[in-house]
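For reference, the structure discussed in these notes is given below.
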Amino acid sequence: RVCTIMHFRGYGPEDGDRIIVSTSCQVGQSEILPAGEYEGTDGGTTFLGEERVTWEGDRYRMCWCAAGESCVQASNFQVDAGTLVVVGPKHDQRKTCISSQICIVEDFQGEQLRAINQVRVS
């Protein structure tokens, strides 16, 4: 899915403000995740994604840069604007089932997973 951040609040947000989604907003530790750059619209309260998000389920940092500033690399986004929760499984989990036996997958990890979620094995 394409991610849209709505109802973003702050003092004086405006169109053209930018957010990156990263594991950290600290200089030297931040990196922009794929499809993790957003530009503010609606007076800086809505940030529309343009690409499909394939991040693993986890909690990420929203790092902010003001409109009119140099917002070209991760180190320009030093203001930690909060947490973005991506609901879904962690990537690259390894589970084992034995052929012709009932398979119960335990300890399936992710963010806000529920008992009604399903997994497809391919």
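Some notes on this structure:
- When LYS95, LYS90 are compared by accessible area of protein heavy atoms, the largest-first order is LYS95, LYS90, using a 1.4 Å probe.
- Each label was represented as a point 7 Å from its Cα along the Cα-to-Cβ direction; for LEU33 and MET6 these points are 2.0 nm apart.
- Residues ASP58, ASP42, ASP17 ordered from highest to lowest accessible area at a 1.4 Å probe: ASP42, ASP58, ASP17.
- Over the stretch 17-85, relative contact order from alpha-carbon pairs under 8 Å, at least 6 apart, %: 39 percent
- Judged by a Cβ-Cβ distance under 4.7 Å, the unpaired cysteines of the chain are CYS3.
- Rg and Dmax of the chain, Cα atoms only, in Å: 17.8, 62
- Accessible area ranking (1.4 Å probe, heavy atoms, ligands and nucleic acids excluded), largest first, for MET6, MET62: MET6, MET62.
- If only the Cβ of Lys and Arg carry +1 and only the Cβ of Asp and Glu carry -1, the dipole of the chain around its Cα centre is close to 620 debye.
- Backbone N within the stretch 31-45 under 13 Å of label point (7 Å from SER75 Cα along the Cβ vector): 31
- Leading residue at positive end of dipole, the stretch 78-122 (Cβ point charges), from GLN118, ILE102, GLN78: ILE102
- For the options VAL72, VAL53, VAL86, a Gaussian network treatment of the chain with springs between C-alpha atoms closer than 10 Å singles out VAL72 as fluctuating the most.
- Residue-normalised accessible area of the stretch 1-75, expressed per residue, 1.4 Å probe, Å²: 60 Å²
- The length gained on full extension between ASP107 and ARG52, counted as 0.36 nm times the residue separation minus their Cα-Cα distance, comes to 17.1 nm.
The values are calculated or read from the model by the stated rules, or taken from the named source; none is laboratory data. What you see is a predicted model, and the numbers here were worked out from it, not measured in a lab. Don't worry about glycine lacking a Cβ; one is built from the backbone with ideal geometry, like all the others, and counts go over all protein chains shown. In case anyone asks, the SASA skips ligands and DNA or RNA and just uses the protein heavy atoms, side chains included. Shrake-Rupley method; radii C 1.70, N 1.55, O 1.52, S 1.80 Å.
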